[in-house]
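Undergrad: My questions will all concern the structure given below.
None of the figures in this text is laboratory data; all of them are computed from the coordinates on show. Keep in mind that what you see is a predicted model, and the values were worked out from it rather than measured. Note that we place each Cβ from the backbone using ideal geometry, even for glycine, and neighbour counts take in every protein chain shown.
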Amino acid sequence: MIYKTLNILFVVEKIGPYHNARFNDLSKVKEFKIFVLETNNTSKTYLWEEIKNYNYEICKLKKIQKGSQKFSNIAHQIDEILLQIQPNFIFLTGWYEKVHYYIIYKSFFKKIPLTILSDSRYRDYRRVFYKELIKKLLLRNFSSGLVAGRESRDYLLRLNFKEKDIFTPYDVVDNDYFSQPLKKNKISSSDYFLCISRFIKKKNHKNLLKAFEIYKNKNGNLNLLLIGAGPEEFSIKETIKKSKFKNCIFLEPWEKTNLLPQYYKKARATVLASLYDQWGLVINESMASGTPCIVSKNCGSYLDLIQEGETGWGFDPNNIIELSNLFFKVENINKKELDKIKNNIKHKINEYSINEFTKAVQNCIDNGLTNKKLSFSSAILAYFMYRFKN
């Protein structure tokens, strides 16, 4: 569709490196002017560096002062931002915060089409009937949905969203950045199993280390490199200290993104052992680097990115024997097989590129402008949730 310049507003908690790559690519579309609202730029959930090279405008919600009325403070700030930006389209990452509720409410009266950005899956949490009903009602005010993959699409369908209004992909990284040639003398390690993730319980380092112990007890030759940070770091270090193979397990602090492609490229395979994970962008990064992946079947990316024996392998995250056997399988892959897998990986990850994300955003906008959905009942519910939700 041909249209005049549109002001596009994305609402995220905090801008990370993969957000930045996506928004910079969108900024190249001459008909778009991109704005990004950070709702909590001091969040410590992810240890991201401050974004420096960006070609879009950033707005930030100010920290709410003690003693102020939270709802009126948020409303005032958002009203000012919407007045300043005058967005023609809003992309919203969720339906669970006061900020989200207020924007849903305001979008109705300002007649601004909304797109939901989602990688949520039905199986992520125990679903409660009344909460699901609230989501169904709120989604009536959304014209389009941009989702990560198969499971997140299915979840929106469960919430009565129409399939024709759902587009992919959402969870992408800058593939060109991770496919850059290997640089010499940047890191000394090579030929290891690599796990890059936050040190939190759901990432399942406990079973990963148990599986690696079994693999080494059966004379496995490769090492294990863990990169990350988080509340489970002490527990992980204690487990490594007690292992008789502690000299084969290496733990590195969270690395700057400019070194990550090198770690991926020198790995035999990347492992993501999560007990559950909505997606797992490290799998995108690894595949973009040309490195095969061993992925928990409870990760959203497994169904969409992993073709058994072709682009990687899946396993039950509670089955340490299965994971240890995959370590052996990967160690013994010959060069011809590995080259074939790398070629398969390249073709698959091209479907999840920044360019494909930009196309999906354009599809959402086209769909929203021609099929705008505005629900009064949804707006009233959103305002109620905004006022009374803790």
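Undergrad: Give me, ordered by chain and number, the residues 5 or more places off PHE167 or on other chains with an amide H under 5 Å from its own placed amide H.
TA: GLY145, LEU146, VAL147
Undergrad: Who wins for biggest fluctuation among ALA267, ALA75, ALA21 in a Gaussian network model of the chain, springs between alpha carbons below 10 Å?
TA: With Cα springs under 10 Å in the chain, the top fluctuation among ALA267, ALA75, ALA21 is at ALA75.
Undergrad: Please tell me the relative contact order of the range 176-351 in percent, rounded to the nearest whole number, where contacts are Cα pairs under 8 Å and at least six residues apart.
TA: This gives 25 percent for the range 176-351.
Undergrad: Can you tell me how much longer the chain between TYR54 and GLU238 gets when fully stretched, taken as 0.36 nm per residue apart minus their C-alpha distance, in nm with one decimal? Before the final figure, lay out the partial values.
TA: Details: separation 184, 0.36 × 184 = 66.24 nm, distance 4.05 nm.
Contour length minus the Cα-Cα distance gives 62.2 nm.
Undergrad: Give me, ordered by chain and number, the residues 5 or more places off ILE58 or on other chains with an amide H under 5 Å from its own placed amide H.
TA: VAL36
Undergrad: Please state the charge dipole magnitude for the chain, taken about the Cα centre, from unit charges on C-beta atoms (+1 on K and R, -1 on D and E), reported in debye and rounded to the nearest 20. Could you put the intermediate results ahead of the total?
TA: On the way: 63 positive and 40 negative charges, 157 e Å.
It comes to approximately 760 debye.
Undergrad: Which one, PHE32, LEU381, VAL361, is farthest towards the positive end of the dipole of the chain when Lys and Arg carry +1 and Asp and Glu -1 on their Cβ?
TA: Farthest along the dipole direction, towards plus: LEU381.
Undergrad: Right, here's the next one. Can you give me the relative contact order of the chain as a percent, contacts being Cα pairs under 8 Å and 6 or more apart?
TA: Details: 709 pairs, mean separation 75.3, N = 390.
The value is 19 percent.
Undergrad: Dipole size in debye (nearest 20) for the range 216-354 around its Cα centre, Lys and Arg Cβ +1, Asp and Glu Cβ -1? Provide the component values of the computation, followed by the final result.
TA: On the way: 19 positive and 16 negative charges, 141 e Å.
The dipole of the range 216-354 has a size of about 680 debye.
Undergrad: Same structure again: Treating each Cα of the range 172-298 as an identical point scatterer and ignoring solvent, apply the Debye formula and state log10 I(q)/I(0) at q = 0.16, 0.21 Å⁻¹.
TA: The Debye formula, applied to the Cα set alone, gives -0.77, -1.33.
Undergrad: OK, next. Which of LYS242, LYS265, LYS28 moves most in a GNM of the chain, Cα contacts under 10 Å?
TA: Its mean-square fluctuation being the largest, the pick is LYS242.
Undergrad: Search the structure for amide H atoms under 5 Å from the amide H of THR93, placed 1.01 Å from N in the peptide plane, and list their residues when 5 or more places away or on another chain.
TA: It is VAL11, LEU117, by chain and number.
Undergrad: OK, next. In nanometres, what is the gap between the two model label sites at ILE134 and GLN86, each 7 Å from Cα along Cα-to-Cβ?
TA: If labels sit at ILE134 and GLN86, their model points lie 3.5 nm apart.
Undergrad: For the range 162-172, just list the computed ³J(HN,Hα) in residue order, Karplus coefficients 6.51, -1.76 and 1.60, θ = phi - 60°, integers in Hz, with x standing in for Gly and Pro.
TA: 3J(HN,Hα) across the range 162-172, in whole Hz: 7, 4, 5, 9, 10, 10, 9, x, 9, 7, 10.
Undergrad: Also: Can you give the Rg and Dmax of the chain based on its C-alpha atoms, in angstrom?
TA: 22.1, 66
Undergrad: Sticking with this one: Any idea what log10 I(q)/I(0) is at q = 0.16, 0.18 Å⁻¹ for the range 319-375, Debye with uniform C-alpha scatterers and no solvent?
TA: -0.71, -0.77
Undergrad: Putting +1 on Lys and Arg Cβ atoms and -1 on Asp and Glu Cβ atoms, find which of TYR276, LEU259, ILE345 reaches farthest to the positive end of the dipole of the range 176-351.
TA: Towards the positive end, the residue furthest out is LEU259.
Undergrad: Continuing with this model, one more query. Expected output is a single nm value to one decimal: the length gained when fully extending between LYS111 and LYS164, i.e. 0.36 nm times separation in residues minus the C-alpha distance. What is it? Numbers along the way, then the final one.
TA: Numbers: separation 53, 0.36 × 53 = 19.08 nm, distance 2.12 nm.
In short, 17.0 nm is gained.
Undergrad: Report the full-extension gain for the segment GLU31 to TYR96: residue separation times 0.36 nm, less the Cα-Cα distance, to one decimal in nm.
TA: Working: separation 65, 0.36 × 65 = 23.40 nm, distance 3.08 nm.
Stretched fully, the GLU31-TYR96 segment lengthens by 20.3 nm.
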